[in-house]
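What follows is one structure encoded as structure tokens, with my remarks underneath.
The values are calculated or read from the model by the stated rules, or taken from the named source; none is laboratory data. Just so we're clear, the structure is a prediction, and the values are computed from it rather than from any experiment. Neighbour counts are summed over all protein chains in view; Cβ atoms, including those assigned to glycine, are modelled from backbone coordinates with ideal geometry. When the accessible area is computed, the model is the full protein with side chains, heavy atoms only, and any ligands, DNA or RNA have been set aside. Shrake-Rupley method; radii C 1.70, N 1.55, O 1.52, S 1.80 Å.
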Amino acid sequence: MWGICSRTMVKVNPCGLIKPCHLVKPVSSTRVSGRYQSHQRGLPGLPVPPLQQTCERYITALEPIVEGDELQHTKQLLQEFQRAGGLGERLQRGLEKRAANADNWLSQWWVQVAYLEYRLPVVVHSSPGLVLPRMDFRDKQGQIRFAAKLIAGVLDFKSMIDNETLPIEYMGGKPLCMNQYYEVMSSCRIPGVKRDSIVNHAKSSTPPKHITVVHNHQFFVLDVYHSDGSPLTADQLCAQLDKICSSSPHTDLEPVGILTTQHRDAWGKAYANLTKDKTNKECVSAIQRSVFTLCLDGARPPVSEDSHRSIAAVQMLHGGGSSLNSGNRWFDKTLQFIIGEDGTCGANYEHAPAEGPPIVALIDHVVEYTKKPDSPQSPMVHLSTPQKLQFNITPQIKKDIEQAKQDMNILAQDLDVKVVVFGHFGKNVPKAHQMSPDAFIQIALQLAYYRLYQRCCATYESASLRMFRLGRTDTIRSASGASASFVKAFDDSSKQNTEKVDLLVKAVNAHRSYTTMAISGQAIDRHLLGLKLQAAEEKLSVPDIFTDAAYSKALHYRLSTSQVPSKTDCVMCFGPVVSDGYGVCYNPMNQHINFAVSSFNSCTDTSTERMARAVEGALCDMRTLLEQTPRAKL
Ligand code: COA
Ligand code: HC5
């Protein structure tokens, strides 16, 4: 998403849409009560940036990625757009009115356009994977034991959500919107033929008390609370998981879950057919209502310790294809925890309801929880056998499953993911040079890309808008005039090191300024999107600035990146957003940086391996430059 997907030659990015967004089922706004409600109410609303500021900043952002005459043309279009009494002013007024009447002028639009109306499979194209450090079990019994503890850990976190005892988070001293935490439990995406929707059962009068467990492609309902409302203990969960595993041997049963890997229109159609049957409808509803899904994966061929994390990233992103674990999932489910038999562990999450950081906070909590020593054996109580969900498979459903298997396998073959643990340094080195580690890493990505392609590319970095009520993200455009000057100079032997350091400092500072502007709601991308959607809302034709070639170029993110920090030494991963691009997710720790780099094998211009090596090289060379050039000379 977030780009024109030339793989299918359809416009799929939020800015490619021209129709107004009709909310099928509005995403919940602040549904929290008491303490959180007052916290939420106290947060500022997302501002609508001044029109002229966005137009000027847009031109500046285009400079490193479009040619001179194209830029000239865009400048003319923008002048016309901004003209007194012109279209821009009208749309701006519309947005300001919208902002005055909503909790957040953007968030409902965003969830529709970026997620629910985006039609490529959620697998690889939208849902991120998260890989935890390899755990120390290597067999089925260990897998079950760990899974039981993990469930108990998630329920422990859930109790903080339910009791509103989750500590409020801050960024740069400012309190953050906590709403996303209320969107991830007991929720699920539902496919439609043109657009999807989300259901959230957490706030229903009878909130769900079960999770779904999937083992050998067979789904089970596992009640995780006793009738008095207390959660099952790890021992009790272990006994229940044992029952599940022994009643779901490996069989040739149809892997219904693989349907969720399909293109959304195809899945929407297959879903309508699947749920025509009453039993199937009840099975699907049980999955949708569950607090989360636990995937107990089958064994995979053994791999070297070296490639373990990369293979684990594949397992978390898509399951490895129909012959491995892609059918052992329900990808529409917001939260899926995935545990293999060989100590592999992680998660996949459906992105529509929340960003990565709340998911990572949950994972960090769960990992700490699982490290606690076993509690004393809990008293034996009778627990009813978990219910297996038995789907009725008609010939049409079987056909849909076959198609989904084929398509999933093509996608699995196409994705090339590599996890790199960059061990030379972490946040410590940029900090020692008084530089923002995130900006330093982003400039290294710019250098890596330039070294491979001798050009700059439109680059996306996620910036959090959670300082605002119901805020999601905006874009930090990491390719700037300053980054372009730096990367062009870096390998130029006619340039002095002092000049290169000067350019590096300028590039890092420019990135940091963009970040500050983005997190304070003054970046350009969501504002431009808003203006475009406002035109559609007012049934106007698409303004020229959005049919301009430069606009498509600006949205063709060959580098789609995100920093997702965590306490646990884990790595997050996602696919590229354009056919000829890279996905780069990184987690900067103090002394090392975890990266996941992805690209498509079908693109002859990209190579995950080369990009990963170029990133390592760029980071090391930038450090060497700083170390060889005394600061006093600056
Ligand atoms: N000198 C020394 N130290 C510095 C520094 C400088 N010039 N600039 C920053 N630092 C320090 C910071 O104080 C911070 O310290 P800490 O490790 O003790 O916390 C650390 O370096 C990291 O800061 P920085 O690298 O600048 O990044 P950040 O934490 O400000 O993050 C973003 C930048 C853009 C990633 C962040 O603002 C953001 O928006 N995150 C959310 C992204 C997101 O949602 N991703 C997932 C999308 S699904
Ligand atoms: C486990 C966390 C993975 C991070 C996912 C992420 O960064 O998603 C971005 C969301 C956004 O709105 O910027 C989108 N991106 C993957 C395309 C960068």
Can you tell me the FRET efficiency between I393 and Q454 if r is taken as the Cβ-Cβ distance and R0 is 51 Å, rounded to the nearest 0.05? 0.45
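Could you sort 619-626, 502-509, 82-89, 126-133 so that the peptide with the highest average Cβ count within 10 Å comes first and the rest follow in order?
Details: 619-626: 17.9, 502-509: 21.0, 82-89: 13.9, 126-133: 25.1.
Sorting 619-626, 502-509, 82-89, 126-133 by mean packing, highest first, produces 126-133, 502-509, 619-626, 82-89.
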Measure out, as a whole number of angstrom, how far apart the alpha-carbon centroids of segment 72-148 and segment 556-581 sit. 14
Here segment 505-565 gives, from Cα atoms, an Rg and Dmax in Å of 14.7, 46
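Is segment 255-342 best put as rounded, prolate or oblate by its Cα gyration tensor, with a ≥ b ≥ c the root eigenvalues, rounded for a/c under 1.5, and otherwise prolate when a/b is larger than b/c, oblate when not?
Prolate shape, in that a/c is at least 1.5 and a/b is the bigger ratio.
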Rounded to the nearest 10 Å², what accessible area does D374 show when all protein chains are kept and the probe is 1.4 Å? 100
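Of the beta bridges DSSP finds with both residues in the chain, what % are antiparallel, to the nearest 5? The partial results should precede the final answer.
Details: 47 of 63 bridges.
Roughly 75 percent of the beta bridges in the chain run antiparallel, per DSSP.
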So what are the ³J(HN,Hα) numbers for segment 260-265, from phi and the Karplus equation (6.51, -1.76, 1.60; θ = phi - 60°), rounded to whole Hz, Gly and Pro as x? 6, 8, 6, 3, 5, 5
May I have the pair-distance distribution P(r) for the chain, computed from all Cα-Cα distances with 20 Å bins from 0 and rounded to whole percent? 19, 53, 25, 2
Give me the number: length gained by fully extending D621 to D492, i.e. 0.36 nm times residue separation minus the C-alpha to C-alpha distance, one decimal in nm. 45.1 nm
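To the nearest 0.05, what FRET efficiency results for E368 and I410 with a Förster distance of 35 Å applied to their C-beta separation?
0.35
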Evaluate 2.2 N^0.38 Å with N set to the residue count of segment 366-444, then give the Cα radius of gyration divided by it. 2.17
Gain in length, A272 to I168, computed as 0.36 nm per residue apart minus the alpha-carbon separation, to one decimal in nm? 33.4 nm
For segment 366-518, shape from the Cα gyration tensor axes a ≥ b ≥ c, cut at a/c of 1.5 then a/b versus b/c, turns out prolate
Over the Cα atoms, compute the radius of gyration (one decimal) and Dmax (the largest Cα-Cα distance, rounded to a whole number) for segment 431-551, in Å. 17.2, 56
Hey, how much of the P(r) for segment 593-634 falls beyond 18 Å, as a percent of Cα pairs? 46
Segment 201-315: C-alpha gyration tensor shape, a/c 1.5 cut-off, then a/b vs b/c: oblate
Run the quick spin-label model on D242 and D156: label points 7 Å from Cα toward the beta carbon, then report their separation in nm to one decimal. 2.3
State the extension gain, in nm to one decimal, for the chain segment bounded by A100 and V193, taking 0.36 nm per residue of separation less the distance between their alpha-carbons. 30.2 nm
Within the chain, helix-based [θ] at 222 nm, where runs of 4 or more DSSP H residues each add -39,500 (n - 2.57), nearest 500: -13000 deg cm²/dmol
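Under unit Cβ charges (Lys, Arg +1; Asp, Glu -1), what dipole magnitude, rounded to 20 debye, does the chain have relative to its Cα centre? Spell out each step's value before the answer.
Values: 69 positive and 62 negative charges, 216 e Å.
Value, rounded to 20: 1040 debye.
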Using alpha-carbon coordinates alone, the radius of gyration and Dmax of segment 498-634 in Å work out to 19.0, 59
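What FRET efficiency would be calculated for the residue pair Q377, Q434, taking the C-beta separation as r and a Förster radius of 56 Å, to the nearest 0.05?
Calculated transfer efficiency: 0.55.
Sorted by packing (mean other beta-carbon atoms within 10 Å per residue), highest first, where do 105-117, 413-425, 453-465, 376-388 land?
Working: 105-117: 23.0, 413-425: 18.3, 453-465: 20.9, 376-388: 10.9.
The most tightly packed comes first, giving 105-117, 453-465, 413-425, 376-388.
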Orientation-averaged projected area, Cα convex hull of segment 111-168 (nm²): 6.8
Just the Cα atoms of segment 92-213, one point each, no solvent: what log10 I(q)/I(0) does Debye give at q = 0.11, 0.12, 0.18 Å⁻¹? -0.61, -0.73, -1.34
Out of the DSSP beta bridges found with both residues in segment 554-634, what percent are antiparallel (nearest 5)? 55
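Could you sort the peptides 289-298, 230-239 by per-residue average Cβ neighbour count (10 Å cutoff), highest mean leading? List each step's numbers first, then the result.
On the way: 289-298: 24.4, 230-239: 19.0.
Going from most to least packed, we get 289-298, 230-239.
Rounded to whole Å and sorted largest first, what semi-axes of the equivalent ellipsoid does the C-alpha gyration tensor of segment 295-390 yield via the square root of 5 times each eigenvalue? Mind dumping the intermediate values first?
Numbers: eigenvalues 118, 70, 64 Å².
After diagonalising the Cα gyration tensor, the semi-axes are 24, 19, 18 Å.
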